[in-house]
Amino acid sequence: MAKSATLTLRVSQELKDKLGRYAEQTQRSPSAVAERGLEAFLDREMEMQIAIDAALDDFEHGRVVAHEEAMRQIQATIDKHRKTV
């Protein structure tokens, strides 16, 4: 088990109440629910930031496709999958 640390943050009373209700419904502590939610949020946000950084790097190095070509490829993929259904 990872070593724990304490984090203090301010939230609205409404959010605190919602957290408490959810924790009670799921028979977990508010701290456990908040930790799980914060971890999921940060994992998703960090993954998106990595993708944004990669896209910006592609753009800066000219690794791009014209809009019209991208739309043609998308439509071709849609058409291909419609035929298999």
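The values are calculated or read from the model by the stated rules, or taken from the named source; none is laboratory data. Keep in mind it's a predicted model, so treat the numbers as computed, not measured. Counting neighbours? That spans all protein chains shown, and the Cβs are built from the backbone with ideal geometry, glycine included. Quick note on the areas: whole protein, heavy atoms, side chains included, nothing else; ligands and nucleic acids left out. Shrake-Rupley method; radii C 1.70, N 1.55, O 1.52, S 1.80 Å.
Could you please let me know if Ala23 is touching a helix residue (DSSP H, G or I) at 6+ places or on another chain (Cβ under 6 Å), hydrophobic (A, V, I, L, M, F, W, C) and surrounded by 10 or more Cβ atoms within 10 Å (Cβ to Cβ)?
Yes.
I'd like to know if region 14-25 contains one or more residues that are touching a residue at least 12 places away in the same chain (Cβ under 8 Å), in a helix (DSSP H, G or I) and not charged (D, E, K, R). Yes, region 14-25 contains a residue that is touching a residue at least 12 places away in the same chain (Cβ under 8 Å), in a helix (DSSP H, G or I) and not charged (D, E, K, R).
Kindly establish whether Glu69 is without any contact (Cβ under 8 Å) to a residue 40 or more places away in the chain and open to solvent by less than 70 Å² (accessible area, probe 1.4 Å). It is true that Glu69 is without any contact (Cβ under 8 Å) to a residue 40 or more places away in the chain and open to solvent by less than 70 Å² (accessible area, probe 1.4 Å). Within region 29-74, being outside any helix (DSSP H, G or I) and under 21 Å from Lys3 (Cβ atoms) holds for one residue alone: Ser29.
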